[in-house]
């Protein structure tokens, strides 16, 4: 992917009952300074009563459609990507008009090493904009529409994270599908958008979260500008409706995006934050149960047992036999592999994730999923002894469970991390 040999780019435009907006987007794509013979546009219609007609354009364009079964933007994007031909996938909403340098800016950032690019979404009143007026505005700067404000929280996040280059695990929260571009390789490796999202919002964050865990490099591209018709969602939605929408989105995200920021604490979810694979071969069920109980305590965790005879004993939805599915592994933030049962006595597994990647004793290593995909994150050793220990051979469950479990206070600090402020915790 070089300036001398620009890549083929596919622009996927999800659409529903918005012919005027779509006409503006398709007109703006005619003005791109990326070679138009290398531009492949796919309109992915989400069940409009009248199939959209893109008309003649100086680039390749096609329409694909799915039945109207409610708000299914995620499925529409996947449908469009499935027939797209480019090495780069640009997702542009049908009410988001790109400036002439939009596609070429995205290509530059991908060539510079980014895997996922978020453009700059600006806001204007485009309701009365005609295709002719749009051309004059974008090419001559004349006859401009009324410019509206941008969300301050996004601007602050991009400034704080050096346009996402220094973002952490919350990077997905600053990804907007209306101006989202990725390499085809990344899109296919993570499996596209989650089609279970059936209402406005959240599907872009869930997709971005999996991309982040997969090791992708993110960047916000302020030079890739596209104009959204009208204000941001918060500025165009009554408070009561906005609150209801946020709660619907929060519940949808909680299903698929692990972490305290999305789901709080205390509930059991199909996709846990921490995945433990435990080799319980030739180990008595009592030892397995004691180990599993300590691993699950206070943690958003799922345990997969190789042999799994204790699964029936426990009857716990967090404990499974065999291997975790690809969908589970794609969403967990942390992974633990154990070649024998251990018991945590000085910290919970969730607390150990705060200092991951970390090795505790001879058998317990807590790794970050993102680090694993990037080949990074050598595990430092936890200096505090006694946090984890093998299950004793003479374990007596009745005596163990019959006495109070008083945890001693432990300061979690990894060796080789003397400056780990904010990564140490006092726990009981």
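The values are calculated or read from the model by the stated rules, or taken from the named source; none is laboratory data. Only a predicted model underlies this, so the values are computations on that prediction, with no experimental measurement involved. We place every Cβ from the backbone using ideal geometry, glycine too, and count neighbours over all the protein chains shown.
Contact map, segment 305-322: residues that are under 15 Å from residue 283 (Cβ atoms) paired with residues that are loosely packed, with under 14 Cβ neighbours inside 10 Å and at pLDDT 90 or above, Cβ distance under 6 Å, separation 6+ or inter-chain. Pairs shown: 306/281; 307/281.
Does segment 358-365 contain any residue that is closer than 19 Å to residue 300 by Cβ, under 26 Å from the mean Cα position of the chain (by Cα) and free of Cβ contacts under 8 Å to residues at least 24 places away in the same chain? No, the conditions are met nowhere in segment 358-365. Residue 134 meets all of the listed conditions (1) more than 20 Å from residue 94 (Cβ to Cβ); (2) over 17 Å from the mean Cα position of the chain (by Cα) but one, namely (1). Count of segment 76-127 residues, restricted to those that are within 17 Å of residue 18 (Cβ to Cβ) and assigned to a strand (DSSP E or B), is 8.
Of the set (1) modelled with pLDDT under 90; (2) in contact with a strand residue (DSSP E or B) (Cβ under 7 Å, 6 or more places away or on another chain); (3) more than 18 Å from residue 298 (Cα to Cα), all apply to residue 410 but (3).
With the structure loaded, tell me whether residue 194 is in a loop (DSSP other than H, G, I, E, B), under 30 Å from residue 19 (Cα atoms) and at pLDDT 95 or above or whether it fails that test. Here the answer is yes, as residue 194 does meet what is asked.
Every listed requirement among (1) under 23 Å from the mean Cα position of the chain (by Cα); (2) touching a residue at least 60 places away in the same chain (Cβ under 8 Å); (3) under 22 Å from residue 205 (Cα atoms); (4) surrounded by 18 or more Cβ atoms within 10 Å (Cβ to Cβ) is met by residue 44 save one, (2). Looking for something at pLDDT below 85, closer than 16 Å to residue 295 by Cβ and outside any strand (DSSP E or B) - is there at least one such residue anywhere in segment 380-394? Within segment 380-394, one or more residues are at pLDDT below 85, closer than 16 Å to residue 295 by Cβ and outside any strand (DSSP E or B).
Let's see how each residue does on (1) loosely packed, with under 14 Cβ neighbours inside 10 Å; (2) at pLDDT below 90; (3) touching a helix residue (DSSP H, G or I) at 6+ places or on another chain (Cβ under 6 Å):
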| site | (1), (2), (3) |
| --- | --- |
| 238 | yes, yes, no |
| 251 | yes, no, no |
| 263 | no, no, yes |
| 271 | no, no, yes |
| 277 | no, no, no |
| 282 | yes, yes, no |
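Might you check whether a residue that is assigned to a helix (DSSP H, G or I), within 20 Å of residue 20 (Cβ to Cβ), in contact with a helix residue (DSSP H, G or I) (Cβ under 8 Å, 6 or more places away or on another chain) and in contact (Cβ under 8 Å) with a residue 40 or more places away in the chain occurs anywhere in segment 138-158? Within segment 138-158, one or more residues are assigned to a helix (DSSP H, G or I), within 20 Å of residue 20 (Cβ to Cβ), in contact with a helix residue (DSSP H, G or I) (Cβ under 8 Å, 6 or more places away or on another chain) and in contact (Cβ under 8 Å) with a residue 40 or more places away in the chain. If you filter segment 27-36 down to residues that are touching a strand residue (DSSP E or B) at 6+ places or on another chain (Cβ under 7 Å) and within 17 Å of residue 229 (Cβ to Cβ), you find that the one that is surrounded by the fewest Cβ atoms within 10 Å (Cβ to Cβ) is 28. Contact annotation: residue pairs with Cβ atoms under 7 Å, 6 or more positions apart or on different chains, pairing a residue in segment 200-224 that is at positive phi with a partner that is surrounded by fewer than 24 Cβ atoms within 10 Å (Cβ to Cβ), are 201/245; 201/249; 202/249; 202/252; 202/253; 215/370; 215/373; 215/374.
Residues in segment 163-181: is at least one within 26 Å of residue 9 (Cβ to Cβ) and more than 16 Å from the chain's Cα centre (by Cα)? So far as segment 163-181 goes, yes, one or more of its residues are within 26 Å of residue 9 (Cβ to Cβ) and more than 16 Å from the chain's Cα centre (by Cα). All of 249, 241 fail the test of being within 25 Å of residue 193 (Cβ to Cβ), more than 23 Å from the chain's Cα centre (by Cα) and either assigned by TED's automatic domain parsing to the domain that holds residue 18 or in contact (Cβ under 8 Å) with a residue 60 or more places away in the chain (or both), apart from 241.
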